[in-house]
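Okay, so here's the structure we're looking at.
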Amino acid sequence: MVSEPGDYIGAGVARTFDASAGDFFQPRLRPDGALDLVVEGGPYDEIFFFTLAAPNGEPLVPGVYARAGRSYVRGRPEIDIWSEPRACEAVGEFEVRDIAVAPDGTVERAWIIFRQNCEHEPSMFGEIRIGQPAATGPRAVPGFVRWPAVDVGETGRNVPVRVAPAGGRIEAVEVIGAGASDFPVRTNGCAAAAAPCTVTLGYKAAAPGTQRAWLRITDSTGARTDVPLQGFAYGGETGVTMTWPGYGTSSLGPDASWLLEVNRTRARIDVEGEDDSTRRNFRFEPSSGDILAPGTTYSSPFTSFGPAFSQASGGSACSGPGSYTVHDLNILRGELKSLWISFKRDCGPYVEGTIKFRLGDRTPLAPWLVSGPVTDTGLAPGAEPTPTPTPTATPTATATVTPTATATTTATATPTATATATATVTATPTATATATATPAATTPTPVAIATPEPTALPAPDSRARGADAAPLSSSRTSAVERAAARVLASQRRLSAAVKRLSPRRVAAVRSASRRLGVDLRAHRAALVAAGASTRAVDRQLAANLTLQRQLRRYERGKDRPAAAKAIARAASRISA
């Protein structure tokens, strides 16, 4: 999985977990139909938890699950990827391309492509492969790269693809397909390589819409592997322009870093230039009881209206009189689609400008951004799909499975190929088809290669592993008790931090709230494993989310006494 700079969960680095390298994998289908996956190891010796579920407790089947969020949002799919001690209220989407589960809940096969982000932050994206066949040619990790959506002109994160030669030296590395120019090869360390090597790919769309290409890797025997490359770019006009008459103009475009929190009563827009030298911060709020409505002009003689301008060093804020006009504000199902605001203000000197975000965009969404069946095969031009057979159970009731018998059964339980026939990124446990087989009888197939050289990663909390190991515990009761004890300790830390809340102690409350969120999720996972009700924990998670929203309100300095009371009420509900 690949983390964009600024992503809280992944800390901005790429990582691979691989069973053949000794990393631990535990996939399991819960009674409520959700897929839980625990992985441990990787280049940083971490533990990650994945939860993916269809909406309303429906079975998880091949398809696209868009607008996913936390489990307590009814009618929406669930996505929750976190790691000790990093967790957040995540949103995103995922696509199940293949899944097969034994009657006892053992996950025999899975192929899932995912993306999630935390509260208006950058994304973490990647793929999960379990029980998928190895490539016949050079092996590539990842075997499928799908970038998060960008705006036209915006540059996506560089993605390293690790290649392991199979039958001979690497002869050619090229990007093919109609969208090849949108996926440039940044670095190629695989020229004539006979040992594992890395190819780094970029993404920058020249036009709005869906882009597709394939990284084709060919070895000296003529065998080749095609890695699908996919991206989507929004259209319309995106940019910030500010003019100081008689002094000059400053502009930032879609390739800047944008953070938008916009609804009908408030708009917060932060834009930062690529080189960190220019930052623009805007706050637009109407009068109390009013809303932001297209075609309306709002006057502000005092500091209640932004925009405030600041630079990386701290900058300065403008507090002179001014006005702004909302020309366009399109919000659909809680998601900002387009925005256009113009403003003018006497900042000494006078300044005027415009903010446009995807103005006029009518680009049809990529198929992986709309819930429904999987319609994109990922096949390169000229490639032939190989059907995946349905696993056939072996009629045996014996509880003793010898290594020989396991190997024989695997031939009928494992698919012969997938549509892309590429190498896997994660573990490949070989599941037996007998209903009496246990996870101990599975054997990882060594098909994946670890990703690039590790870079600096924020040090994990010193309390690593404890409650997070709950799903791995052989005693479900003790796991629930341990998780509950961790939650109680986190509740006490949060209560203490809330009692000392002040503008200078916001970070302490935020840290305690995030820590509690981690422990609540671990407690919930333990309860699910024990078959117990999670209603109380879900209420605590919802209250914690409310606390975090009110904390952001407090931090902005808007009606701090009311925000502080709301924070205290939320903390009380969490501890109840």
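The values are calculated or read from the model by the stated rules, or taken from the named source; none is laboratory data. It should be emphasised that the depicted structure is a prediction, and the values quoted were computed from it without experimental measurement. Cβ: placed from backbone, ideal geometry, glycine included. Neighbour counts: every protein chain shown. Side chains are part of the model used for accessible areas, which takes the heavy atoms of the whole protein and leaves out ligands, DNA and RNA. Shrake-Rupley method; radii C 1.70, N 1.55, O 1.52, S 1.80 Å.
Structural remarks
- Per residue accessible area in Å² of the stretch 90-229, where ligands, DNA and RNA are left out and the probe is 1.4 Å: 32
- Over the stretch 151-255: Rg over Rh, Cα atoms, Kirkwood Rh: 1.19
- Loop-resident GluC sites (Glu not before Pro) (DSSP state other than H, G, I, E or B) in the stretch 93-135 with no more than 16 further Cβ atoms inside 10 Å of their Cβ: 119.
- In range of the label at residue 186: residues from the stretch 134-150 whose backbone nitrogen is under 20 Å from the point 7 Å along Cα→Cβ: 140-150
- Taking all Cα pairs closer than 8 Å and separated by 6 or more residues, the relative contact order of the stretch 164-273 comes to 21 percent.
- Rg to Rh, two decimals, where the stretch 20-153 supplies the alpha carbon set and Rh follows Kirkwood: 0.95
- Label-point separation in nm, residue 249 to residue 293, each point 7 Å along Cα→Cβ: 3.2
- Between 262, 147, 249, the Cα set farthest toward the positive side of the dipole of the stretch 124-270 (charges on each charged residue's Cβ, about the Cα centre) is that of 147.
- A simple spin-label model places pseudo-atoms 7 Å from Cα toward Cβ; at residue 206 and residue 325 they are separated by 3.7 nm.
- When peptides 509-518, 50-59 are ranked by their average number of other Cβ atoms within 10 Å per residue, the highest-first order is 509-518, 50-59.
- Percent accessible area from carbon and sulfur atoms, the stretch 14-160, protein chains only, probe 1.4 Å: 50
- Electrostatic dipole magnitude of the stretch 65-114 [Cβ: Lys, Arg +1; Asp, Glu -1; Cα centre; debye, to 20]: 220
- Under 5 Å from the amide H of residue 337 lie the amide H atoms of 330, 331, 332, each residue being 5 or more positions distant or on a separate chain, with H modelled from the backbone and absent for Pro and chain starts.
- Listed residue (134, 50, 118) projecting farthest to the positive dipole end of the stretch 1-150, Cβ model: 134
- By average C-beta atoms within 10 angstrom, highest first, the peptides 562-573, 538-549: 538-549, 562-573
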